[in-house]
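Have a look at the structure below before the remarks.
The values are calculated or read from the model by the stated rules, or taken from the named source; none is laboratory data. If you're wondering where the values come from, they're calculated on a predicted model, not measured in any experiment. Glycine gets a Cβ as well: all are built from the backbone with ideal geometry, and neighbour counts include every protein chain shown.
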Amino acid sequence: MRTGNDPVVTIETDTQRAHRRRWWILVVLAISQLMVILDGTIVNIALPTAQHALGFSNADRQWIVTAYSLAFGSLLLLGGRVSDYIGRRNALIIGLAGFAGASAFGAAAQNFTMLVTARTIQGVFGALLAPAVLALLTTTFTDPSERGKAFAIYGAVGGGGGAIGLILGGVLTSYASWRWTLLVNLFFAAVAIAGAVLLLKRDRGVDHDPLDVRGVLSVTAGLFALVYGFSHVETTSWSNHYTLGSFALAAILLSYFFRVQSTAKYPVLPLRVLADRNRGGSLLSMLVAGLGMFGMFLFLTYYLQTTLGFSAVRTGIAFLPMIFSITITAQLSNVVFMPRVGPRPLIPTGMVMSAGGLFWLSHLTIHSTYLGGVLFPLIVIGLGVGFIFAPGFNTATLGVEPHDAGVASAMVNTAQQVGGSVGTALLNTLAASAATTFMVGKAATTFNKNTAAVHSYTTAFNVSAFIFLGGALATAMILRSGAPRVGEAREVPVAAH
């Protein structure tokens, strides 16, 4: 018989448990996302050393980067669908473990084939991991104020992860070995897997509809052809037959994909996910940011190392002010401004600021200094990027149905990846052309060669700035005015039992 002094036992629900552990879950997701983001730059810093150690050619070196991009970019939508099917927790753990295993294999590489195989496998598991991370973040944080803080942190990781990769890559390559740029992923993965096992509940997925085989095959092959085409441009030309053939095949396959999605009973990409204006504008902002940011990271790295003579470590440290700037505006935009005014004033403003910083960088010369020519434009770009990434990630997944969270998250990552591929190919080609044109009629002296190189970098900065200005105009027209409506986000409990 129960007395009045008996304690009342309260059964904690999944939703309450998710709420209680939500910030620890954010730490796990941020670590997972950081591992994927920084891998795009940390390995690049180590490439010259790895090339010397393994003895592969300059032509082969490009494939260490391309193999990862091809696998990652082409499989993202499938990864989002698989994440919805097997459960986000399962997808996160499998993605982390697979990424770590591929990293260990790459670190043990004895030749080019082993290393390029490892990078391909990294891309495969990254395509499973990245959508799961963003989907879990979307369904964990549904309160508007807390969601703003969480996505501000996530946006700062997304915007600053590349610079962190430069710093970490420089330190590891200089003071340890190029192999540690891959081995470091084992530490990130171990911490994230332990956190996922402890904090996330066992889920069986939210979407068990039959797989849209036609959609999966057409979008995977189409994205592969698209990314391959842009990667191929870097080592050939825009008029190369393989390049043109890749673009033509991509256009055919992706057109077929969208036609199939409009009639399929169980589409891999429900077109309702793209129907919302704010989501469409946010996806466009991710595409533009990925495209334009490469102009800054890639060519400013060249400038710091080849013109100013910075070491790999010092180059990475030189980007720290940008990371701090991103963190500031990511918090301000998502926590203070987003609940009041929505994404429409923020994202275009961020793009205009980024364009301004890039135009500023376009005035660099061979006589410029870091303090006088690089530091302040870098801070302006960082402030602008914080206004793009944090609201962009937040808005792109806001209000999506729980069973569409995986594919919506995959679309965000796909937009970034395609933007990065386009940006790298476009800006590399334009920069090379600018350097060649500059040297016409001039003697091949060291001074002229160095000046031509800087001219190629500033050309890339100018083009990137105009890309951001175009993005500002487009997103200002597409995004809706006003603050997000309360209740647009929907909650799915994800904490562990």
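Values as computed for the structure displayed
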{"item": "Residue that is surrounded by the most Cβ atoms within 10 Å (Cβ to Cβ), among those in region 378-419 that are touching an Asp or Glu at 6+ places or on another chain (Cβ under 6 Å) and not in a helix (DSSP H, G or I)", "result": "Leu398"}
{"item": "Where a residue in region 134-156 is more than 22 Å from Arg81 (Cβ to Cβ) and its partner, wherever it lies, is part of a helix (DSSP H, G or I) and among the basic types (Lys, Arg), with Cβ under 7 Å and at least six apart", "result": "Phe141/Arg22; Phe141/Arg147"}
{"item": "Count - residues of region 80-131 that are surrounded by 19 or more Cβ atoms within 10 Å (Cβ to Cβ), among the hydrophobic types (A, V, I, L, M, F, W, C) and not in a helix (DSSP H, G or I)", "result": "1"}
{"item": "Residue identified as among the aliphatic types (A, V, I, L, M) and within 20 Å of Gly73 (Cβ to Cβ) among Val400, Val418, Val385, Val374", "result": "Val418"}
{"item": "Residue match in region 388-397 (condition: modelled with pLDDT under 95, among the hydroxyl-bearing types (Ser, Thr, Tyr) and assigned by TED's automatic domain parsing to the domain that holds Ala472)", "result": "yes"}
{"item": "Single residue of region 139-163 satisfying the filter (among the aliphatic types (A, V, I, L, M) and touching a Ser or Thr at 6+ places or on another chain (Cβ under 8 Å)) that is farthest from Gly399 (Cα to Cα)", "result": "Ala163"}
{"item": "Qualifying residue in region 328-336 (condition: assigned by TED's automatic domain parsing to the domain that holds Asn428, surrounded by fewer than 17 Cβ atoms within 10 Å (Cβ to Cβ) and assigned to a helix (DSSP H, G or I))", "result": "yes"}
{"item": "Residue count for region 209-249, restricted to those that are aliphatic (A, V, I, L, M) and surrounded by fewer than 20 Cβ atoms within 10 Å (Cβ to Cβ)", "result": "8"}
{"item": "Boolean, Leu375 is in contact with a helix residue (DSSP H, G or I) (Cβ under 9 Å, 6 or more places away or on another chain), more than 18 Å from Phe141 (Cβ to Cβ), modelled with pLDDT of 95 or more and assigned to a helix (DSSP H, G or I)", "result": "yes"}
{"item": "The one condition in (1) over 19 Å from the mean Cα position of the chain (by Cα); (2) modelled with pLDDT under 95; (3) of a type in the set (Gly, Ala, Ser) that Ala97 fails to fulfil", "result": "(2)"}
{"item": "Where Ile164 falls short, out of the listed (1) over 22 Å from Ala100 (Cα atoms); (2) surrounded by fewer than 24 Cβ atoms within 10 Å (Cβ to Cβ)", "result": "(1)"}
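Let's see how each residue does on (1) under 30 Å from Leu47 (Cα atoms); (2) assigned to a helix (DSSP H, G or I); (3) not assigned by TED's automatic domain parsing to the domain that holds Ile347:
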site	(1), (2), (3)
Thr138	no, yes, no
Ser145	no, yes, no
Ala150	no, yes, no
Tyr154	yes, yes, no
Leu166	yes, yes, no
Thr173	yes, yes, no
Ala194	no, yes, no
Ala225	yes, yes, yes
Tyr228	yes, yes, yes
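Okay, residues lined up against (1) in a helix (DSSP H, G or I); (2) modelled with pLDDT under 85; (3) at positive phi; (4) not aliphatic (A, V, I, L, M):
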{"position": "Ser456", "(1), (2), (3), (4)": "yes, no, no, yes"}
{"position": "Val463", "(1), (2), (3), (4)": "yes, no, no, no"}
{"position": "Arg480", "(1), (2), (3), (4)": "no, no, no, yes"}
{"position": "Ala489", "(1), (2), (3), (4)": "no, yes, no, no"}
